[in-house]
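Okay, so here's the structure we're looking at.
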């Protein structure tokens, strides 16, 4: 396996359902590739496209951290761990499933589409479920996000165009582009493209125009 992998959005697995379409970065559901089941503690990065008024009925998870980042629209979230609510762009939400939780997610709008990225990690939280959320700072730079019960940290890289950000070193780094075009060296990445770094090197990201990427710094 190379020390640095570039994976394009078109390579991601696709699942379609009633009013929803999902692109998966890793093996998920009916899609299984033994060479692509996770990256460190990360086991899922799913981009969900949900039609107005549609979504997912309550279903069970356990022993995972579920982190949600909304790109467009409004996500109505409900679970047995708390009061639920509506998540909109700029807020990162984390649900620690712990010993087990039922949660459902639906498009909060009857007229507008919903697009969100949902990520899952193997969790170190095995007690009662809990959740938290954090408002991520606006403007260009590398911004802190919600904490997780895993050897991992999620940052949001926002580039104004013409600038660059230096990523901290980690045992492994995954960069998932959500908006615009992001450059690393000679490579240019668009929405849904990913860089996976296995060797602990530091990365410099730049962009010719406004762009955004989710950055996972992983220590396992």
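Read the figures in this text as sums done on the coordinates, not as results from a lab. Note that this is a predicted model, so its numbers are computed, not measured. So basically every Cβ, Gly included, is an ideal-geometry build from the backbone, and we count neighbours across all protein chains shown.
When the inverse distances between all different Cα atoms of the chain are averaged and flipped, the Kirkwood radius reads 17.6 angstrom. Take the chain, connect every pair of alpha-carbon atoms lying under 10 Å apart with a spring to form a Gaussian network, then pick out the residue of 83, 113, 58 with the largest mean-square fluctuation. Result for the chain, Cα springs under 10 Å: 83 fluctuates most. Taking label points 7 Å from Cα along the Cα-to-Cβ direction, residue 171 and residue 183 give a separation of 3.3 nm. Centroid-to-centroid, using Cα positions, the range 146-220 and the range 1-30 are 18 Å apart. Going from the residue with the fewest nearby Cβ atoms within 10 Å to the one with the most, 69, 126 rank 126, 69. Rg and Dmax of the range 141-218, based on Cα coordinates, read 11.6, 35 Å. Where does the Debye-calculated log10 I(q)/I(0) of the range 12-135 sit at q = 0.10, 0.12, 0.16, 0.20 Å⁻¹, using only Cα point scatterers of equal weight, no solvent? For the range 12-135, the Cα-only Debye profile gives -0.29, -0.42, -0.77, -1.20. Sorted fewest first by neighbouring Cβ atoms within 10 angstrom, 154, 218, 6 come out as 6, 218, 154.
Taking the range 71-99 and a reference point 7 angstrom along Cα→Cβ of residue 132, the backbone N atoms nearer than 18 Å belong to 81-84, 91-99. Working from Cα pairs under 8 Å separated by at least six residues, relative contact order for the chain is 20 percent. Remark: 166, 212, 105, 194 ranked as 166, 212, 194, 105, counting other beta-carbon atoms within 10 Å and listing the fewest first. Under a Gaussian network description of the chain, with springs only between Cα atoms under 10 Å, the residue in 37, 117, 148 that fluctuates furthest is 37.
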